[in-house]
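Here is the structure we will look at, set down as structure tokens.
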């Protein structure tokens, strides 16, 4: 909403990344089924006024921004530290039809839980769960406090992602 747009007005690189991620979308709100104007920050303010944003500043200076809009796909944009280039992609998480409300990510999640029970160890870094859950909890706390900044050092967790792919490849 309004607080998000005020914050984004002060953060040029975050605005650029937001627009870049929107440009990856296949489900933008457009008239007649085709874009009639370039996707810009101003366009997003007009077409997606109720966007909710989580602007996360990590303890090491890294920043993460998550935007919940009225579009139905998942897009990413990041800024390379070595050359300032924006890179992005669209993540394919097919949304359900009319008969369900969530995408099919519970089957791979259940697979990982079952594997952990059988092997006695997690097959992914558990610290990642602490970080992602912590960001969600912080976002909810911020919303509860009237969209005020929520500060915590509870997530001072060293984490390095695994080299192997965690893409769901195992049969069920």
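Please treat every number below as a calculation from the coordinates, not as lab data. Source: prediction; values computed, not measured. Neighbour counts run over all protein chains shown; Cβ positions are idealised from the backbone, glycine included.
The per residue volume of the convex hull around the alpha-carbon atoms of the stretch 105-172 is 121 Å³. Gaussian network model of the chain, Cα springs within a sub-10 Å range: biggest mean-square fluctuation belongs to which of 110, 65, 142? Of 110, 65, 142, the most mobile in the Gaussian network model is 110. Between helix 106-119 and the chain there is an angle of about 30 degrees, using the helix long axis and the longest principal axis of the Cα atoms. Geometric descriptor of the stretch 2-93, per residue, is 110 Å³ (volume of the convex hull of the Cα atoms). Out of every Cα-Cα pair that the stretch 46-87 contains, those further apart than 12 angstrom amount to 70 percent. Protection proxy ranking for 69-79, 6-16, using the average of other Cβ atoms within 10 Å per residue and placing the highest first: 69-79, 6-16. Normalised by 2.2 N^0.38 Å, where N is the number of residues, the C-alpha radius of gyration of the stretch 20-68 stands at 1.40. Extension gain for residue 124-residue 90 works out to 9.9 nm (0.36 nm per residue, less the C-alpha to C-alpha distance). Between the helical axis of 12-23 and the longest alpha-carbon principal axis of the chain there is an angle of about 80 degrees. Helix 126-144 and the long axis of the chain differ in direction by around 40°, with both axes built from C-alpha atoms. Taking 0.36 nm per residue of separation and subtracting the current Cα-Cα distance, fully stretching the chain between residue 150 and residue 109 would add 11.9 nm. Each residue, residue 70 and residue 3, gets one label point 7 Å from its Cα in the Cβ direction; the gap between the two is 2.2 nm. Dividing the mean sequence gap of close Cα pairs (under 8 Å, 6+ apart) by how many residues the stretch 2-93 holds gives a relative contact order of 30 percent. Evaluated at q = 0.09, 0.14, 0.21 Å⁻¹, a Debye calculation over the C-alpha positions of the chain (equal weights, vacuum) places log10 I(q)/I(0) at -0.40, -0.98, -1.58.
Over the chain, DSSP H runs of length four or greater, each weighted -39,500 (n - 2.57), average out per residue to a 222 nm ellipticity of -11000 deg cm²/dmol. Taking all Cα pairs closer than 8 Å and separated by 6 or more residues, the relative contact order of the chain comes to 17 percent.
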